[in-house]
Amino acid sequence: MTKLKFFIPFILSAGLLFFLQGSWMLKGNFLPALGSFFSPSQGFWVNVKSLDQDGSSIMSLSGVKGNVYFDERYVPHIFCETEKDAYFIQGYVHAKLRLWQMDFSARAAEGRISEIIGEKAIPFDQHKRRIGLKEAALMAQENWNRDTVLLNLLHAYANGVNAYISELKDKDLPIEFKLLNYRPEPWSPYRSALFHKNMAEILCGRDKDVILTNAAHFFKDDFNQLFPEINPYDSPVIPEGTVFEDSIQKNIAEVQKPNLNSDVFETGPFDLTPGLGSNNWAVNGQKSYSGNPILCNDPHLTLSLPSIWFEQQIHVPEYNVYGVGFPGVPGVVIGFNSDIAWGVTNGGWDVLDWYKIEWKDDSRSSYKLDGRWVDTEYRIEQINVRSGPPVFDTIRITHWGPIVYTQSGEKRFDLAMHWIVHEPYTELEFNTFRKLNKAKNFEEYKKAIQNFPYPVQNFAYADVKGEIGITVQGKMPIKNNQFGRFVIDGTDSRNKWSGYLDSTKNPFVRNPLRGFISSANQRSTDLSFPNYYNDGDFRAMRSFLINRMLGEKEIWSIEDMMDLQYNSHCLLAELSLPFFFDCLSIDSLDHKAKTIFGQLKKWDYSYDSSSQAAVCFDLWFDSFYSLLWDEINENKVNEFTAMPDELASIELLKTNHQSKYFDYAASPEIETACEIVQMAFDSMISQWNSFDEIPDWAGYKDASITHLTMIPAFSRQHVRTSGNEDLINAHARTFGPSWRMIVELKKDSILAYGIYPGGQNGHPGSKYYDQMIDTWAGGGYYLLSYFKAKPTGHHEYPTITFE
Amino acid sequence: MRSNYVYPLLVLICACVSLFIPYWYFPFIVSLFLNIFIEQSLFKRIVFHGLMYFLACIIYCYMSYATGNQKLMLMLSEIFMNASVFMLISISSLIFALLAIFGAWCGNTIYEFRNPAAKDIRV
């Protein structure tokens, strides 16, 4: 009994320590380890106490010399004597301000989120592993190993990150690490490569092959009319009429159109995030008040906190570059130096094709290729799961690529993914931005980008000498007409891409007569371009508006450019409302409906934050669109079938009021276009009446910018701003202009403005965490502090000195 | 008379030191060692450790909150089901004090094991 009494306090203490040390689950979520998290010396109190308390400091790190000055918005201005030191310091600064984001993003690309948040993330990890981002990153790393200069720079960056990690004690970890109870892993060039591959997935990992194949089944003879490859509002990146050099068109086996009797896919890549894209444009000196070229860029991405972008200046004897890049990747991706400015938008070419694989039997161990059965290869992935046993995923690899989606039921076919990211390549993509950072003229710009492999980007250019230009750069697979637009027959090995277009033949334009260049994810060229390429994710409306406005207005100032980037004019409304109005029978409307009708009549088609008419139109058009394409919604594979886009719908409204698609299937009568418009209007009125409080556009849109963990407390809810999908100001609920930049290239100096919805410091709660959001939402900008030399004078910037 | 003050003073010093040693279990360790070598009744050990550690922590946390980043505190409050800042301070102090109490209890047990007569003397 005495012995037992002796042990009781120790047993209970052990129990207490075990409880406090563990990370327990509550309602499906892991709690942080309570002992360390609530500890005043190790837990969140350290973050509360130390956040934003950094002053100037001196670092002694072997052999690295340089200075970093943090300006009013905490943008680091890095001054070094060598590029290697600059990259080291950039790595250090990225880690200091964005370490958790970098570590989390690299793990996400690698498919290792289950290790942190448990079994909820298994499907996410499984997908990332099936599409092979890790293998692609390893391949990139092998490429980089061939270039010792490049590799040294990448290692310098990684060493900078690791120098910060090594000085980081548990108590100093960013709050997310403490909440999720894990530590950052050392950085390496491989992890930078993961970041690049993740961007490739975002920008060229989407396509419409499967949903278009299903749509071809559904619409049969009407398909070509409803899904045109080029539409009347297409205004290509390279101006129409540009003469292209002939290109080599290799022979590819005749591609089979979809087999309308058998190929309906019930699973596949259907989650096309709408509205991702970007705008860039530049005007030459003749179209600007100052006589200097002006270049603008606003990439549209999913908006998150911490922001995907990080602003910085790198000053070395060879060059002086300012702009944004990704935390985790050295250099500047979008920006300017003392001679040139550049900006990027997504090119949207289809570089991802799906092949239908016919299995021999249910075991899926062999598949048909060229009339024989070929053994399937396997890759087994072990997904480690926090507080659970590991999960093993057997990935089947075919001649064409991995099987990513498995068809349900008894079907003996699946979809194999053939993606440019999996293809062996020799280009050093990292060198593109490094060379751009130091380019001094058009030739150097062209040379810098000519080996950029993917994702295909529209690189806009302007320089202090007055030149402007744009190049659609990336590897363009050589395809026959219609190849890759639908799911491809995977039983014939001749159905492959026949190499790539010589990169010097990629479409570009230099100093066009019209005095401006632009891109907004539209088609790259008109149909005279000698190589066939199809729509990975082309958008027409923004480019139409941009080109119309740039063409109509003679002279532009920086303020005009700011207005244009924030322009919320809706082409869809401009095109459809006159037809809608013509269809409505006004006499039959009650007083309230007449009031709304009157509001819409007076509306300037602008999705301003305070506009109620924008809400009316949005509801009206959505309702019209659903009623028009109700046939697809009735169809059992509706979510896997492409719907004709809004422009095709309006075209149908303009040209064929009696089209069978206007008939509303649920009613016994046969409806016409005008009856559908009237029904949609009534539906809009009834939705309008159901609002407790009539919202304006910003209230109705209810935008948010969420933290990467989706923790609401770290996110920004109810962001009030103008704009919508497919407008120049393409801000919808969760995505939009992730960086707005305007650069005027004077002969002796650069005048630049920029902003992004977030802040430089990725630590939640920091005064630099989200301080730019409100200014961004209102269409405001910051003057960018582009220092020609180390800042001196009355400003006392916090500084880190490496010596 | 002197000994009446020495023990609580030592406990207070240990509590203050624990606030700055970046190991969350340090209150347990330091309390355990302190109580191995000092004679005191179990009741007083527990009361002094509970009170001193709780008070030291509550003051420290409040000061951290008052002088630190209040925006982050509010975010954390929201994460913990909108618990008030005072509640977060209290939970931290309670865990801090509990660790000290259990450390003191274990220290007392070792003390009694090493000095079997001590318990009889105190009684």
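FYI, it's all coordinate maths here, none of it is from the lab. Everything quoted here is computed from the prediction, not taken from an experiment. For neighbour counting, all protein chains shown are included, and Cβ atoms are generated from backbone atoms with ideal geometry for every residue, glycine included.
Of all the options B:A83, B:A15, B:A100, the one that moves most in a Gaussian network model of chain B with Cα springs shorter than 10 angstrom is B:A83. Per-residue Karplus couplings for the range A:593-607, computed as 6.51 cos²θ - 1.76 cosθ + 1.60 with θ equal to phi - 60°, are listed in order as 4, 5, 5, 5, 4, x, 4, 5, 4, 8, 5, 8, 6, 10, 7 Hz, Gly and Pro entered as x. Shape analysis of chain B yields a ratio of the Cα radius of gyration to the Kirkwood radius, Rg/Rh, of 1.08. Ordering A:I685, B:I21 from the fewest to the most neighbouring beta carbons within 10 Å gives B:I21, A:I685. By other beta-carbon atoms within 10 Å, ranking A:R129, A:R514 with the fewest at the front produces A:R514, A:R129. Between A:K790 and A:D370, the contour length at 0.36 nm per residue exceeds the Cα-Cα span by 144.6 nm.
Taking label points 7 Å from Cα along the Cα-to-Cβ direction, A:T426 and A:Q771 give a separation of 5.0 nm. Its alpha carbons give the range B:12-80 an Rg and a Dmax of 14.8, 46 Å. When the Cα atoms of the range A:298-415 are aligned to their principal axes, the ranges along those axes come out at 63, 43, 27 Å in descending order.
Using every pair of separate Cα atoms, the Kirkwood estimate puts the hydrodynamic radius of the range A:296-360 at 14.8 angstrom.
Above 18 angstrom, tally the Cα pairs of the range A:63-178 and express them as a % of all pairs, no decimals. I get 63 percent for the Cα pairs in the range A:63-178 exceeding 18 Å. The relative contact order of the range A:719-797 comes to 22 percent, based on Cα pairs under 8 Å that sit 6 or more residues apart. Between the amide H of A:Q522 and those of A:R539, distances stay under 5 Å, these residues lying 5 or more places away or on another chain, with hydrogens modeled in the peptide plane. Counted by neighbouring Cβ atoms within 10 Å, the residues B:C61, A:C583, A:C80 run from fewest to most as A:C583, A:C80, B:C61. In this calculation the C-beta distance from B:N82 to A:S363 is compared with R0 = 51 Å, giving a FRET efficiency of 0.45. Computed with the Debye formula from one identical point scatterer per Cα of chain A, without solvent, the log10 of I(q)/I(0) at q = 0.07, 0.09, 0.10 Å⁻¹ comes to -0.56, -0.94, -1.16.
In the structure shown, the pairs A:K197/A:K368; A:K120/A:K356; A:K65/A:K790 are assessed against 19 Å; a Cα-Cα span above that value is assigned to A:K197/A:K368; A:K120/A:K356. Around the amide H of A:M476, modelled in the peptide plane, lie the amide H atoms of A:L501, all under 5 Å away and 5 or more residues distant in sequence or on another chain.
Label positions at B:N4 and A:T302, each projected 7 Å from the Cα along the C-beta direction, are separated by 6.7 nm. Each of A:Q225 and A:T148 was given a label point 7 Å from its Cα along the Cα-to-Cβ line. The distance between the two points is 6.7 nm. Here the range B:57-118 is treated as an ellipsoid with the same Cα gyration tensor; its semi-axes, largest first and in whole Å, are 37, 12, 6. Counted residue by residue at 0.36 nm each, then reduced by the alpha carbon distance between them, the extension gain from A:S50 to A:S498 reaches 155.5 nm.
In the structure shown, the pairs A:K27/A:K701; A:K438/A:K505; A:K220/A:K654; A:K479/A:K654 are assessed against 28 Å; a Cα-Cα span above that value is assigned to A:K27/A:K701; A:K479/A:K654. Using only helices, what value at 222 nm comes out for chain A when you add -39,500 (n - 2.57) per DSSP H run of length 4 or more and divide by the total residues, to the nearest 500 deg cm²/dmol? After summing the helix terms and dividing by the residues of chain A, the value is -10000 deg cm²/dmol. Each residue of the range A:141-154 was assigned a 3J(HN,Hα) from its phi angle through the Karplus curve 6.51 cos²θ - 1.76 cosθ + 1.60 (θ = phi - 60°); the sequence is 4, 4, 4, 5, 4, 6, 10, 5, 4, 4, 5, 4, 5, 5 Hz, with glycine and proline shown as x.
Taking a straight Cα-Cα cut-off under 13 Å and skipping sequence neighbours fewer than 8 places away in the same chain, the aspartates and glutamates within cross-link reach of B:K71 are A:D52, A:D770. Per residue of peptide A:763-769, the mean number of Cβ atoms on other chains within 10 Å of the residue Cβ is 4.
Pairs of C-alpha atoms in the range A:460-586 farther apart than 24 Å represent 49 percent of all such pairs. Computed over chain A, relative contact order equals 19 percent, with contacts defined as Cα pairs under 8 Å that lie 6+ residues apart.
Computed extension gain for B:L12 through B:Y62, at 0.36 nm per residue and net of the alpha carbon distance, reaches 16.3 nm. The sum of -39500 (n - 2.57) across all DSSP H runs of n ≥ 4, divided by the residue count of chain B, sets its helix-only mean residue ellipticity at 222 nm to -28000 deg cm²/dmol. Determine, from the Cβ-Cβ distance of A:Y289 and A:Q717 and an R0 of 51 Å, the FRET efficiency 1/(1 + (r/R0)^6), rounded to the nearest 0.05. According to the calculation, E is roughly 0.80.
Listed as lacking a disulfide-compatible partner in chain A: A:C80, A:C204, A:C296, A:C570, A:C616, by the criterion of no other cysteine Cβ under 4.7 Å.
Here the translational diffusion coefficient of the range A:429-520 follows from Stokes-Einstein with Rh set to the Kirkwood radius across Cα pairs; for 4 °C and 1.567 mPa s it amounts to 86 µm²/s. For B:K44, the lysines whose Cα falls under 24 Å of its own Cα, not counting residues fewer than eight places away in the same chain, are A:K3, A:K5, B:K119.
Taking amide H as placed 1.01 Å from N in the peptide plane, A:I488 has its amide H under 5 Å from the amide H of A:W354, A:Y355, A:K356, each at least 5 places away in sequence or on another chain. Straight-line reach from A:K287: taking Cα to Cα under 19 Å and skipping same-chain neighbours fewer than 8 places apart, the lysines in range are A:K465, A:K553, A:K746, A:K747.
Taking B:I95, B:I38, B:I46 in turn, the Gaussian network model of chain B (Cα-Cα springs below 10 Å) assigns the largest fluctuation to B:I38.
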